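Every number here is computed from the coordinates shown, using simple stated rules; none is lab data. Being a predicted model, the structure only gives us computed values, none of them experimental. Glycine gets a Cβ as well: all are built from the backbone with ideal geometry, and neighbour counts include every protein chain shown.
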Amino acid sequence: MYRFHKNELQRRKNPKITYTARLNRRLYEPEFLLKKEWAIANIEFKLKMIDLKLSRKYGRKVMQKVEHRIKKADSIARKLMKKGCKITFENALNRLNDIIGIRVVCLYSDDVYQIAELLKREKDLSLIKEKDYIKNPKKSGYQSLHLIMDFPLVYNETTEQQRIEIQIRTVAMDFWAGVDNHICYKKNPAEIKKAEADLKTYSAVISNMDRQMLELRKKVEKM
Ligand code: 0O2
């Protein structure tokens, strides 16, 4: 009689586990990870230079936080399924824009657009798509400016485009997204109906607060 390992039994019950496990193996290949980390380091260096430039210009620290993540296999699998694609490494690379995600958080909403403008002026970054969820928040209330960009990574004498999603937002928007992530985002819609409505209201509150803080800063600058 054959005895199956517990994981194998689980896989037979749910083929998604096999696909995700395969995906996981490819995502953890050292060369793949190295290239992703390398691209991240390059973009973070550019962001550091932009921060220096803006911080000198305005005499205040502009970027409050810069963080990054490489998307995990289960999150990739979920997103591919949502898009109706098979869970494969190739689909992950070709269909998803945010395997590499970088987030920049700043104090004021006009900083968001200045940072975006300077990123767009970088000669070796190509803008693929811009999504302005500040001017047009998502149905959930989510606000942020997303730039989908390509960066040509030179590796072993070849050049490979690395797709990166850069999310730029204020501290207030980041606070909202953090709470939404904890309470609502990617959760069962039936369980979170009430919280969803409240979060939508708070998104408007935060948007107002951002506007007031910006006006206050401008008033103080004129004094
Ligand atoms: P995670 O956990 O951050 O990886 P696209 O293929 O670009 O057209 P995509 O990527 O679904 O479609 O684009 P979208 O809607 O712009 O969302 C990209 C990311 O924005 C999400 O990535 C989240 O990080 C963030 N986001 C979007 N909507 C919400 C929201 O309602 N609440 C919160 N908290 N974050 C949101 P992932 O892969 O979904 O998640």
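Here are some notes:
- Shape call, region 10-107: gyration tensor on alpha carbons, a/c limit 1.5: prolate
- Distance-filtered residues of region 51-89 - backbone nitrogen under 20 Å, label point 7 angstrom along Gln161 Cα→Cβ: 71, 89
- Under the simplified labelling scheme, the Glu31-Lys123 pair shows an inter-label distance of 3.0 nm, with each label point 7 Å from Cα along Cα→Cβ.
- Euclidean distance between Cα centres, region 188-208 to region 57-100, Å: 24 Å
- The chain: relative contact order in percent, alpha carbon pairs under 8 Å with at least 6 residues between: 17 percent
- Alpha-carbon Rg with Dmax, taken over the chain, Å: 20.4, 84
- Net length gained if the chain between Val154 and Lys138 were fully extended (0.36 nm per residue, minus Cα distance): 2.2 nm
- Tensor-based shape of region 89-199 (alpha-carbon gyration tensor, a/c under 1.5 rounded, otherwise prolate or oblate): oblate
- Of the beta bridges in the chain, as assigned by DSSP with both residues counted there, near 75 percent are antiparallel.
- Pairs beyond 32 Å (Cα-Cα), from Lys72/Lys193; Lys46/Lys187; Lys83/Lys218: Lys46/Lys187; Lys83/Lys218
- For a straight C-alpha distance cut-off of 19 angstrom, the aspartates and glutamates reachable from Lys200 (same-chain residues fewer than eight places away being disregarded) are Asp132, Asp174, Asp180, Glu191, Asp210.
- Annotation for region 143-223: trypsin sites (Lys or Arg not before Pro) lying in DSSP loop with at most 12 further Cβ atoms inside 10 Å of their Cβ are Lys186.
- In plain terms, the chain from Ala21 to Met209 could stretch by 63.3 nm, reckoned as 0.36 nm per residue minus the Cα-Cα distance.
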